[in-house]
Amino acid sequence: GTSPEDLFREFYGRQMGSGGARGFHYGRRRSPFYFNGVDISNFFPGGGGRFGFGGLSDPSVYNGPKSIFVQHVTIPLSELYSGVESKAFTLSDSVWQRYRAAFRGGIAGPLALQAFMMSATLLLRTSWPVSLACFIASFHLSLPRPTKLFFRTDVMRGWKGGTKVTFSGAEPGVDVVFVIGEGKNDRFTRDGDDLETTATISKSTAKKGGSILIKPLGKGELPVLVKIKPGEIESDGQVLTVKGRGWPRRGSLGPGEAPKGDLRVVFRLKADKKKRKNSSSAEHVDRERRSTRKAKKRR
């Protein structure tokens, strides 16, 4: 890319070597781009000065303003329930993301100051459109961009939607945050530390009682046995709760608190097959009778 020296030679021409009257002072160890005692080359991206983006190579900048990239990712509910080792995360990079990351992390302020000081200096000898263009170019080129887009980490058992996975100091001046969202599951939904599922039983089973097995959300777990007492389920939507077969709890447990929440089973009732056939036959006979009556009336 174009170096600060080339840009200043383009704007200032031979006057940079005149010194004295124009405020440029040359020293043995100084940059040739001093204006009124200020090293202007430090205001360019990579200049290495206090406001220059090149200074972000110093690890101490991690504690100051930075760019924070945030990426939303969806993980299947079953993986959040059981946990996954070395899960891959991919960061999407774009110009719009870089601007948002810079403002989110606070580095946009120092970068804007850097660009303003450079463009204000150029405005002394150039037109305002050129100075404005230099401000925009300096700010844009100074935006930190991630060079690493692929990350890996373990998904811990019992993570929930909204959990944030942060890679601090993924590179100088850049943090990467992945916000986890829960993928939809065909059989289960999560409500706090509880899981909810739906089971369909016949009306005769609801009346006489029985038991059903529910396939668990996690692999390698035993099926959930749900016992139904006679007459316990009387209508659609009734719920039975199975203690300790819900969502894994993280962190320290309170007194008497189970490692998992509860499983709520919502029941749906269906008609028995024999009754369904009988009702269908009766409806067919009724239709035949009605059609016969209509035919007689027409005669």
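Expressed per residue, the C-alpha convex hull volume of the range 44-182 stands at 98 Å³. Sorting 235-247, 106-118 by average packing, meaning the other beta carbons within 10 Å per residue, from highest down gives 106-118, 235-247. Across the cross-link table entries K160/K270; K148/K260; K87/K260; K160/K203; K87/K270, which are compared at the Cα atoms, the separations over 30 Å belong to K160/K270; K148/K260; K160/K203; K87/K270.
Note on the range 114-180: the alpha carbon radius of gyration divided by the globular reference 2.2 N^0.38 Å gives 1.81. Listing H72, H140 from fewest to most neighbouring C-beta atoms within 10 Å gives H72, H140.
So if we plug the beta-carbon distance of L222 and H72 into 1/(1 + (r/R0)^6) with R0 = 30 Å, what FRET efficiency do we get, rounded to 0.05? The value I calculate is 0.30. Taken along the Cα-to-beta-carbon direction at a fixed 7 Å, the label points for Y99 and I136 span 1.1 nm. On full extension of the chain, what length is gained from L113 through K215, given 0.36 nm per residue of separation minus the C-alpha to C-alpha distance? Fully extending the segment from L113 to K215 adds 30.7 nm. Annotation: extensible slack from R187 through K273 equals 28.5 nm (criterion: 0.36 nm per residue apart, minus Cα-Cα distance). Once both labels are positioned 7 Å from their Cα atoms along Cα-to-Cβ, the gap between F150 and K229 label points is 5.7 nm. The packing ranking, built from the mean of other Cβ atoms within 10 Å per residue, places the peptides 141-147, 196-202 in the order 141-147, 196-202, highest first. Note on K164 and I201: with the Förster distance fixed at 41 Å, the Cβ-Cβ geometry gives a FRET efficiency of about 0.50.
Bear in mind these aren't lab numbers, they're just calculated from the coordinates by the rules spelled out. If you're wondering where the values come from, they're calculated on a predicted model, not measured in any experiment. Positions of Cβ are generated from backbone atoms using ideal geometry, with glycine treated the same way; all protein chains shown enter the neighbour counts.
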